[in-house]
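The structure appears below as structure tokens.
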Amino acid sequence: MDQKKYRIGLALSGGGVRCFAHIGALRAFEDVGIKPDIIAGVSAGSVVAAFYAAGMTANEIFKLFGGINIYKFFQIDISKSGLLKLDKLRKFIAKHIPVDNIEQLNIPTIIAATDFEQQQEMAFTSGNIAERVVASCCIPLVFKPVKINGNYYVDGGVLHNMPSYYLRPLCNTLIGINVNPTKLGPIKMNVRALAYRTFKLLTMHNEIADKQLCDILIDITSIQQHSSIDTRLAIRIAQKGYFETMKILKNSQQIKRLINE
């Protein structure tokens, strides 16, 4: 097998509040002694990726976000767009991560977004962390796109909700964690619910091929019914992420080999 630049790569999918399961999964990785050499995140997964790459433990990330109402980060744009802005999230990230730029993080990191003007994926590996994470989180029709170096960017999940696409050429063993639902509930006839359902259908289908790129795929299926915006169940979601991940790690021969290498 050709040796690639990194031994272990970790891809964290988007999924809103369900990304608390990523935090639980990272705790399981810590408990078995697996640490990624490179990490990629999309949307809310990019938030977890950035803080983990900055050197925070899974428990520290949970303590930072566990008691926060997600609506605290939303702010209506008073211009003509009428969309929400994530300026408060940008300021929160900048306050709590001790370095400014992606290339300064402890672990090489890819923040995945979508270049809305060039209609293509974008893998940010340098530049301001907070700005690029917010761009990765900007769901179209909900949040105002973020302008970076003259181009507008939106949620990376539009094209690749599982960021294994960016990591596959770079690492020998690629582990993907998916917290996005694989099925949706009943249709609700209001604008917000229809827009959300449209975006979820998009992400569910674009991640199928990217899941197949993973050597080890951890699908956190027990959180399917949980809302992507309700933080009241954050502890339960993180716990489910931990136990489902630990079960897979303990039964994976590939993981055992990685630990023993």
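Observations, loosely collected:
- Restricting the stretch 2-26 to residues that are open to solvent by less than 10 Å² (accessible area, probe 1.4 Å) and not in a helix (DSSP H, G or I), the residue that is modelled with the lowest pLDDT is Gly15.
- Residue that is assigned to a loop (DSSP other than H, G, I, E, B) and either of a type in the set (Lys, Arg) or under 30 Å from Arg7 (Cβ atoms) (or both), where the choices are Thr173, Thr182: Thr182
- Flag: Leu167 does not match the condition of being at pLDDT 90 or above, open to solvent by 50 Å² or more (accessible area, probe 1.4 Å) and more than 28 Å from Gly67 (Cα to Cα).
- Every listed requirement among (1) modelled with pLDDT of 85 or more; (2) touching a Lys or Arg at 6+ places or on another chain (Cβ under 9 Å); (3) within 23 Å of Lys72 (Cα to Cα) is met by Gly241 save one, (3).
- Note on the stretch 110-145: residues that are without any contact (Cβ under 8 Å) to a residue 40 or more places away in the chain, within 21 Å of Leu202 (Cα to Cα), not in a helix (DSSP H, G or I) and not charged (D, E, K, R) total 6.
- Verdict on Leu141 being buried (at least 24 other Cβ atoms within 10 Å of the Cβ) and either more than 15 Å from Gly14 (Cα to Cα) or acidic (Asp, Glu) (or both): no
- Subset of the stretch 120-145 [under 13 Å from the mean Cα position of the chain (by Cα) and hydroxyl-bearing (Ser, Thr, Tyr)]: Ser136
- In the stretch 27-63, residue farthest from Leu86 (Cα to Cα) [restricted to those that are in a loop (DSSP other than H, G, I, E, B) and of a type outside the set (A, V, I, L, M)]: Gly33
- Hits in the stretch 58-90 - residues which are modelled with pLDDT of 95 or more and either polar (S, T, N, Q) or farther than 24 Å from Leu233 by Cα (or both): Asn59
- Candidate set from the stretch 210-231 (those that are among the charged types (D, E, K, R) and closer than 20 Å to Gly14 by Cβ); member that is surrounded by the fewest Cβ atoms within 10 Å (Cβ to Cβ): Asp230
- Criterion violated by Glu244 - all others in (1) open to solvent by 20 Å² or more (accessible area, probe 1.4 Å); (2) in a loop (DSSP other than H, G, I, E, B) satisfied: (2)
The values are calculated or read from the model by the stated rules, or taken from the named source; none is laboratory data. Here the structure is a predicted model, which means the values were calculated and not measured. In this analysis, Cβ positions are derived from the backbone assuming ideal geometry, glycine residues included, and neighbour counts consider all displayed protein chains. Ligands, DNA and RNA are stripped out before the accessible areas are found, and what is left, the full protein with its side chains, is counted by its heavy atoms. Shrake-Rupley method; radii C 1.70, N 1.55, O 1.52, S 1.80 Å.
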